[in-house]
Amino acid sequence: MDHGAHNATLCLDNPFWQYSLRQYALSGCSDFLLAAQDDHGLEINIVLYLGWLANSGKTFDISLLEQPLAFSNQVIQPLRVTRRSVKPLGDTDLYKHIKKSELMAEQYMQALLYEQSLLLEDVNSDLIDTEQALSMLLSEY
């Protein structure tokens with residue numbers, strides 16, 4: 001699905017972004033997510049997205065991840081590699097600038113994911129609890 005013309009109107013400050021900020025601020029959450037990323041190759045934004053979908057009572061369609069994952073591979077991953085390679089150089093201004101760019105790119109990816117979520121149906125919340133939903137969504141991912 002091509003959203004190129006629509007991407008100029010992405011909502012960067014959306015409910016998913018706000019959920020992610022709250023989750024990331026929880027004690028131990030950032031360590032868990034970074035370990036999931038570094039040790040298991042999981043995309044933090046996708047893990048957060050699945051948690052948000054489960055909490056929002058939404059279904060999940062893995063095919064809708066194609067565009068956001070392509071953006072991550074083309075933009076976020078290279079920024080992350082660059083940021084990590086610059087850190088030992090000791091130029092804190094350059095490091096901070098790249099880190100800020102990486103965070104902005106992650107926010108953009110989350111806006112793509114949020115836009116995709118608008119295409120998803122609600123799940124009957126009487127039939128499943130949030131923990132079960134998250135477990136099912138993570139197993140699909």
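The values are calculated or read from the model by the stated rules, or taken from the named source; none is laboratory data. Since the model is a prediction, treat every value here as computed from it, not as a measurement. Cβ: placed from backbone, ideal geometry, glycine included. Neighbour counts: every protein chain shown. We work out accessible area using only protein heavy atoms, side chains counted, and drop any ligands, DNA or RNA first. Shrake-Rupley method; radii C 1.70, N 1.55, O 1.52, S 1.80 Å.
Here are the numbers for the structure shown:
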{"quantity": "Per-peptide average of other Cβ atoms within 10 Å, ordering 102-111, 32-41, 12-21 highest first", "calculated": "102-111, 12-21, 32-41"}
{"quantity": "Estimated dipole of segment 43-106 in Debye, rounded to 20 [Cβ of Lys and Arg +1, of Asp and Glu -1, Cα centre]", "calculated": "260 debye"}
{"quantity": "Shape of segment 43-82, Cα gyration tensor, a/c cut at 1.5", "calculated": "oblate"}
{"quantity": "Length added when fully stretched, His40-Arg84, from 0.36 nm per residue minus Cα-Cα", "calculated": "14.0 nm"}
{"quantity": "Cα-based reach from Lys87 at 19 Å (exclusive), listing lysines while leaving out same-chain residues under 8 positions away", "calculated": "Lys96, Lys99, Lys100"}
{"quantity": "Surface share of carbon and sulfur [accessible, 1.4 angstrom probe, percent] for segment 1-119", "calculated": "58 percent"}
{"quantity": "Whether segment 27-100 is rounded, prolate or oblate, judged on the alpha carbon gyration tensor where a/c under 1.5 counts as rounded", "calculated": "prolate"}
{"quantity": "Centre separation in Å (Cα based) which lies between segment 50-74 and segment 12-40", "calculated": "15 Å"}
{"quantity": "Sites Leu119 and Thr92, calculated FRET efficiency, Cβ-Cβ separation with R0 30 Å, nearest 0.05", "calculated": "0.10"}
{"quantity": "Cα gyration tensor shape of segment 70-120, rounded if a/c is under 1.5, else prolate or oblate by comparing a/b with b/c", "calculated": "prolate"}
{"quantity": "Projected label distance in nm at Gln77 and Leu26, using a 7 Å step from Cα toward the beta-carbon", "calculated": "2.8 nm"}
